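Trainee: The structure follows.
The values are calculated or read from the model by the stated rules, or taken from the named source; none is laboratory data. Everything numeric in this text was worked out from a predicted model, so none of it was measured. So basically every Cβ, Gly included, is an ideal-geometry build from the backbone, and we count neighbours across all protein chains shown. The area values use the complete protein model at the heavy-atom level, side chains included, leaving out ligands, DNA and RNA. Shrake-Rupley method; radii C 1.70, N 1.55, O 1.52, S 1.80 Å.
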Amino acid sequence: METAIVFLPLFGAIIAGLFGRKIGDRGSQFVTAGSLVVSAVLSWIVFLSFAGAHDQPNQSTTIHLLSWIASGDFQLDWALRIDTLTAVMLVVVTTVSAVVHIYSVGYMEDDPSKPRFMAYLSLFTFAMLMLVTADNLVQMFFGWEGVGLCSYLLIGFWYHKPEANAAAMKAFIVNRVGDFGFALGIFGCFFLFGTVSFDGIFAAAPNFSDATLLFLGTEWHAPTIICILLFIGAMGKSAQIGLHTWLPDAMEGPTPVSALIHAATMVTAGVFMVARLSPLFELSDTALTLVTYVGGMTAIFAATIGLTQFDIKRVIAYSTCSQLGYMFFALGVGAYGAGIFHLMTHAFFKALLFLGAGCVIHAMHHEQDMRKMGGIWKKIPMTYALMWIGSLALAGIPPFAGYFSKDIVLEAAYAAHSGAGNFAFAMGIAAAFLTAFYSWRLLLMTFHGETRADMHTFDHAHEAPKVMMLPLIVLALGAIGSGYIAYEWFVGHDRFMFWGASIVQSADDIIEHAHHVPLWVKYLPLAVGLAGIAMAYVCYLLIPSIPGVIVKTFKEFHAFLFNKWYFDELYDLIFVRPAKWLGHVFWKRGDGDIIDRFGPDGVSSLAAKIGRRASALQSGYVYHYAFAMMIGVVALITWYFLGHSV
Amino acid sequence: MLYQDALRLLPELFLAGSIIVLLMYGVFSGDSKTRSVVILSFATIVAAAVLVWRMPGGEGVAFAEQFQSDTFTRYAKILVLIGAGSCMIMSMRYIERANMARFEFPILFLFATLGMMMMISANDLMSLYMGLELQSLALYVVAAFRRDTLRSTEAGLKYFVLGALSSGMLLYGISLVYGFVGTTGFDQLNQVIAGLRGEGQPLPVGLVIGLVFVAAGLAFKVSAVPFHMWTPDVYEGAPTIVTAFFATAPKIAALALFVRVMSEPFAALTDQWQQILVFVALASMILGAFAALSQSNIKRLMAYSSIGHVGYALVGLAAGTQTGVEAVLVYMAIYLIMNIGTFACILCMRREGRMVEAISDLAGLSKSQPMMALALCIFMFSMAGIPPLLGFWGKWYVFAAALDAGLTWLVIIGVLASVVGAFYYIRIIKIMYFDEAAEPFDKDTGAETGFVIGLSAIAVVGLFVFLAPLENAAKLAASAVFGG
């Protein structure tokens, strides 16, 4: 059954990708969406078997598929590792993917290459499932690169748009930096533990808690180095500060792609990876502290940018970035269950928001700028309601899903009582306020007030077809209920039974402490969330002049935020331009002026010159020829006598 | 005794008798029967090849040790007969279309072939000269066969004058050798010279000078630098079928003769002639590669190409070892196949009944005649030495042999020259496949030519699988020379 879950999407992708023209648009949509739905149903069955455990902790099982590499000590298998963590990810991935597949049928109605799109989506899902079911680091890396590839293909799906191509390349290249870290981390694991399989690493890890690595002449704490390298990989994939620049640009892709890849699944791969390797990360306080700081920084940094953006998808993208920060600092303080809990709820409400935004964009004839929307809530009431649900969940208002997960994350950060934990808590609270604010800014700008769209677009704004609305309802159910239902399993009383050994936890761990924080800590997130909403109402509905005044007063600061903290400009200055300059020098000076000039070009022109000379010898006169023969004989005899003194 | 001798020389005797009969037949029935003379000539060649193959007389010498018959002569003669036979069958329609359908044409081909077989079988400097001249005289005439065109007659005359000069050198060398050694028989020469060296006596100067002259005369026949000057002009001027013949059968025969003379009578002087051979091989490879770069006429290009190939073949001989000779023999066979195929393609280059010879005329051949373009593409890649095609293996064997003999520098330069050479071969492919299409060629080339093209192309592509038999045959042949 688990095998079917993983390989059904691949089957769909192959059928739609290779035979898309034969079976037609409908056929490929049916095959891919159908196999995904089956896969999702099976995933739920697997998940429920894990969720139902009460007597004893859940165990992990391994399904061996094939032997992959056997080279000396290096043994590698294709195998599916099924434990609770995997089961959670399976449900998240297949459910969101199935929903997005169905949604795409409506959203991509006018697109000429539907089979290709569906094939990419399914292929992505397969790679993602490969990633979450991996039994060893290398197989995980396979999935990791597979999702990267599909992300690249889907961001650049509309390849006739130059921005889409640029964004696709940017995503690929920035991820490469992270992947480099990941790969080095895998090498480090093999170097240290002599194995890359999770069981092997976890079994060996405690023995290496004080191991050192000699690097650049200095002894380093080996687990720290490895964890930091792996975390760099996670930062790239999960768009943490520094390696986040690709995510907002990735919004050039079709909206279903943004929902599936850049909100719900792929970007959470980093979170999943850290959780999966929690036994390893537990060995290094330094690495965990780094994770916490990076998470906290990202949460606040992305939220501040989200305040100022006008593109509806970019706002949600920065919100995603920010929420990923939450997940990471939850992991950083050791609350792995909380991190995954937030991952799961976030997947539902963020996919809902993205697909809702897709409906808005669909209604507004592919307009994404919120400055050209407004007042359309009466036109598309259904979408409006769903966006409300998503936003409430995102802002952490009870009883919506985000409330439960965000609260436990923040409580855990507070309960850590460490410098990093306090920092993350403060940043998280501030970000929660900003999150609520920009979510309602989005809602109000899009749906309320006088319309700023042109009349034609406004008049023709219409609700999306059923095939797009039904998936949203599924996600809305998740956004409403998943937090409440899953709370006890993920972070409540049942968590020991539920997680089993799939993540590190103990009776006296951070989640336990998180339940015993002071009351104000528990209510603060909700309070700032409500404050943020109220603030948004004041600024965008009651007194619409306020934002303008604020922008004018804090002009530099606004510009700093609006230009995304100048990260792109900075990278352009530090990396892109010097690299281009260097490339130019090597190309023009090195390759052109030296290698080509004296190498291929020089040799070939010399050869041509010699060739002309040689054929010019051929004068056509017999006496010249005869003379050459005689000279030849004389020369040979002379040479002979010079060489051999007879 | 006489019977045994005649049996050993049976293929040559058979050929000579057939020539006389065919000549009579031609004389009495006139030019209208040219086609049947060609076909009969072809049959004669096939029959002679069978006789050579069966070797009814066995190995040994004949007619007062003037001639010999062994595995080496068999190998070389088979190659020569394959070359001659292919050209003969392709000439059938060619001479008709070119208005040179006279019955003497196939007869002259046969005479030349007979001369080649005799010189391959020569076991004495005298019989060597006789065979060589028989061949050359016939070739002078066919080169000038279209006596009404300036180019053909010019080619014939040039070839004749320079050929006469080289014959003179050869004769002079032979007389010097005879004067200082006192014999012209291969076996005696070998023994006497070996004796001289064995006693540690200084070599007579005249012998060495004679050797240089003999080598120069032979180098002219294989068109090795610096005795190559006639080749481009004659190849370009002669009728294409004659050029095809020149590039195949006589070249094989002369190379075989070169190998035989250097390795048998002058075997004891290997250290003396090696230096000459190294120089000649080097100069041929380099000139063949560079001078071809700026050619626009495909026949001229093939002339330089053949000069280059002779250079590679002589690399094997320059090694002066048995493996070297083996390599030369393998190279000869491969060279023969590639050249027959290529010239068969060139023979198809006709527009509105007229031969065209510019390389640029091949433009767009891939569209008008894709199969021929593919075949020519295969031949060119093979000549350039791209693995796994046959041409690569030829070079592989000679270079390996030279490396074994310690001629590292020669091999390095040879490889570099083949890189330069690859350019002009591959340029032809580029012109065929990527250039703006020129007018298509006439397509009534006849089945024989197509058959020859197809067979050679298949051989070039597929034969590397069956290299072992070829190698074994070459090994057997080489062992005959080295008294194995």
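Trainee: Filter region A:607-638 down to the residues that are within 60 Å of the chain's Cα centre (by Cα) and more than 7 Å from chain B (Cβ to nearest Cβ) and list them by number.
Mentor: A:LYS609
Trainee: Further question on the same structure: Only one residue in B:ARG151, B:ARG102, B:ARG146 is in a helix (DSSP H, G or I) and either within 14 Å of chain A (Cβ to nearest Cβ) or among the charged types (D, E, K, R) (or both), so which one is that?
Mentor: Of B:ARG151, B:ARG102, B:ARG146, the one residue that is in a helix (DSSP H, G or I) and either within 14 Å of chain A (Cβ to nearest Cβ) or among the charged types (D, E, K, R) (or both) is B:ARG151.
Trainee: Something else now. Check whether at least one residue in region B:177-189 is in a loop (DSSP other than H, G, I, E, B), more than 14 Å from chain A (Cβ to nearest Cβ) and of a type outside the set (Ser, Thr, Tyr), and report yes or no.
Mentor: Scanning region B:177-189, I find at least one residue that is in a loop (DSSP other than H, G, I, E, B), more than 14 Å from chain A (Cβ to nearest Cβ) and of a type outside the set (Ser, Thr, Tyr), so the answer is yes.
Trainee: From the list B:SER36, B:SER32, which one is open to solvent by 40 Å² or more (accessible area, probe 1.4 Å), without any contact (Cβ under 8 Å) to a residue 12 or more places away in the chain and assigned to a helix (DSSP H, G or I)?
Mentor: Checking each option against the conditions leaves just B:SER32.
Trainee: Is there a residue in region B:45-59 that is surrounded by 15 or more Cβ atoms within 10 Å (Cβ to Cβ) and of a type in the set (Phe, Trp, Tyr)?
Mentor: No, every residue in region B:45-59 fails to be surrounded by 15 or more Cβ atoms within 10 Å (Cβ to Cβ) and of a type in the set (Phe, Trp, Tyr).
Trainee: Still on this model: Could you count how many residues in region A:59-87 are within 21 Å of A:GLY500 (Cα to Cα) and surrounded by 15 or more Cβ atoms within 10 Å (Cβ to Cβ)?
Mentor: Qualifying residue count, region A:59-87: 12.
Trainee: Pairs needed: first member in region A:484-512, assigned to a helix (DSSP H, G or I); second member anywhere, acidic (Asp, Glu); C-beta distance under 8 Å; at least 6 residues apart or different chains.
Mentor: A:GLU488/A:ASP494; A:ARG495/A:GLU488; A:MET497/A:ASP55
Trainee: Exactly one of (1) at pLDDT below 95; (2) more than 14 Å from chain A (Cβ to nearest Cβ); (3) under 30 Å from B:THR449 (Cβ atoms); (4) in contact with a Gly (Cβ under 8 Å, 6 or more places away or on another chain) is unmet by B:SER294. Its number?
Mentor: B:SER294 satisfies all of (1) at pLDDT below 95; (2) more than 14 Å from chain A (Cβ to nearest Cβ); (3) under 30 Å from B:THR449 (Cβ atoms); (4) in contact with a Gly (Cβ under 8 Å, 6 or more places away or on another chain) except (2).
Trainee: Tell me, please, whether a residue that is surrounded by 22 or more Cβ atoms within 10 Å (Cβ to Cβ) and either modelled with pLDDT under 90 or within 30 Å of A:HIS365 (Cα to Cα) (or both) can be found in region A:401-413.
Mentor: no
Trainee: Mind checking whether some residue in region B:348-369 is of a type outside the set (A, V, I, L, M), under 16 Å from the mean Cα position of the chain (by Cα) and more than 20 Å from B:GLN295 (Cα to Cα)?
Mentor: no
Trainee: Let me ask something else. Return a yes/no flag: does region A:144-167 have any residue that is small (Gly, Ala, Ser), part of a helix (DSSP H, G or I) and without any contact (Cβ under 8 Å) to a residue 40 or more places away in the chain.
Mentor: yes
Trainee: Since B:ASP70 meets every condition but one in (1) without any contact (Cβ under 8 Å) to a residue 60 or more places away in the chain; (2) among the charged types (D, E, K, R); (3) buried (at least 19 other Cβ atoms within 10 Å of the Cβ), which condition does it not meet?
Mentor: In the conditions (1) without any contact (Cβ under 8 Å) to a residue 60 or more places away in the chain; (2) among the charged types (D, E, K, R); (3) buried (at least 19 other Cβ atoms within 10 Å of the Cβ), B:ASP70 misses (1) alone.
Trainee: Within region A:196-310, considering only helices (runs of 4 or more DSSP H) that don't extend past its boundaries, which have at least 2 residues that are more than 14 Å from A:CYS321 (Cβ to Cβ)?
Mentor: Of the helices (runs of 4 or more DSSP H) lying wholly inside region A:196-310, those with at least 2 residues that are more than 14 Å from A:CYS321 (Cβ to Cβ) span A:198-204, A:222-237, A:255-259, A:269-276, A:278-281, A:285-308.
Trainee: Kindly evaluate A:LEU48 against the criterion of being out of contact with any Pro (no Cβ under 6 Å at 6 or more places or on another chain), open to solvent by 20 Å² or more (accessible area, probe 1.4 Å) and part of a strand (DSSP E or B).
Mentor: no
Trainee: Being surrounded by 24 or more Cβ atoms within 10 Å (Cβ to Cβ) and touching a Lys or Arg at 6+ places or on another chain (Cβ under 8 Å) is the filter here; which residues of region B:293-313 pass it?
Mentor: B:SER306, B:VAL310, B:TYR312 - these are the residues of region B:293-313 that are surrounded by 24 or more Cβ atoms within 10 Å (Cβ to Cβ) and touching a Lys or Arg at 6+ places or on another chain (Cβ under 8 Å).
Trainee: Would you confirm, using the coordinates I've provided, whether A:ARG577 is open to solvent by 50 Å² or more (accessible area, probe 1.4 Å), at pLDDT 85 or above, more than 30 Å from A:ALA250 (Cα to Cα) and out of contact with any strand residue (DSSP E or B) (no Cβ under 9 Å at 6 or more places or on another chain)?
Mentor: No, not satisfied.
Trainee: Also, quick follow-up: Can you confirm whether region A:371-381 contains a residue that is buried (at least 22 other Cβ atoms within 10 Å of the Cβ), closer than 26 Å to A:ALA486 by Cβ and in contact (Cβ under 8 Å) with a residue 40 or more places away in the chain?
Mentor: No, region A:371-381 has no match at all.
Trainee: Do you know which residues across region B:120-163 are of a type in the set (A, V, I, L, M) and open to solvent by 50 Å² or more (accessible area, probe 1.4 Å)?
Mentor: B:MET126, B:MET130, B:LEU134, B:LEU137, B:VAL141, B:LEU150, B:LEU157, B:VAL161
Trainee: Please work out if A:PHE567 is touching a helix residue (DSSP H, G or I) at 6+ places or on another chain (Cβ under 7 Å), away from chain B (no Cβ under 14 Å), touching a residue at least 60 places away in the same chain (Cβ under 8 Å) and more than 30 Å from B:LEU207 (Cβ to Cβ).
Mentor: When the stated conditions are applied, A:PHE567 does not pass them.
Trainee: What's the number of the condition B:GLY316 fails, among (1) more than 14 Å from chain A (Cβ to nearest Cβ); (2) open to solvent by less than 10 Å² (accessible area, probe 1.4 Å); (3) over 19 Å from the mean Cα position of the chain (by Cα); (4) of a type outside the set (Val, Ile, Thr)?
Mentor: (3)
Trainee: With region B:355-417 as the region, which helices (runs of 4 or more DSSP H) entirely inside it contain at least 2 residues that are under 20 Å from B:VAL465 (Cβ atoms) and open to solvent by less than 50 Å² (accessible area, probe 1.4 Å)?
Mentor: Result: B:370-384, B:390-404.
Trainee: So for region B:123-140 (the condition being assigned to a helix (DSSP H, G or I) and within 14 Å of chain A (Cβ to nearest Cβ)), does at least one residue qualify?
Mentor: yes
Trainee: Could we say that B:LYS158 is within 13 Å of chain A (Cβ to nearest Cβ), more than 22 Å from B:ALA267 (Cβ to Cβ) and in contact (Cβ under 8 Å) with a residue 40 or more places away in the chain here?
Mentor: yes
Trainee: Considering B:SER306, B:SER284, which residue is of a type outside the set (A, V, I, L, M, F, W, C), away from chain A (no Cβ under 14 Å) and part of a helix (DSSP H, G or I)?
Mentor: B:SER306
Trainee: Checking the conditions here, which among B:PHE72, B:PHE42 is touching a Pro at 6+ places or on another chain (Cβ under 9 Å) and at pLDDT 90 or above?
Mentor: Unique residue meeting the criteria: B:PHE42.
Trainee: Another question about this same structure. Within region B:437-444, is there a residue that is more than 16 Å from B:ASN297 (Cα to Cα), open to solvent by 50 Å² or more (accessible area, probe 1.4 Å), free of Cβ contacts under 8 Å to residues at least 24 places away in the same chain and not hydroxyl-bearing (Ser, Thr, Tyr)?
Mentor: Taking every residue of region B:437-444 in turn, at least one turns out to be more than 16 Å from B:ASN297 (Cα to Cα), open to solvent by 50 Å² or more (accessible area, probe 1.4 Å), free of Cβ contacts under 8 Å to residues at least 24 places away in the same chain and not hydroxyl-bearing (Ser, Thr, Tyr).
Trainee: Also, quick follow-up: A:PHE341: assigned to a helix (DSSP H, G or I) and in contact with a Ser or Thr (Cβ under 6 Å, 6 or more places away or on another chain), yes or no?
Mentor: Taking the combined requirement at face value, the residue satisfies it.
Trainee: Now, a different point. Working carefully through the options B:GLU326, B:GLU352, find the one that is closer than 24 Å to B:LYS77 by Cα, open to solvent by 10 Å² or more (accessible area, probe 1.4 Å) and among the acidic types (Asp, Glu).
Mentor: Of B:GLU326, B:GLU352, the one residue that is closer than 24 Å to B:LYS77 by Cα, open to solvent by 10 Å² or more (accessible area, probe 1.4 Å) and among the acidic types (Asp, Glu) is B:GLU326.
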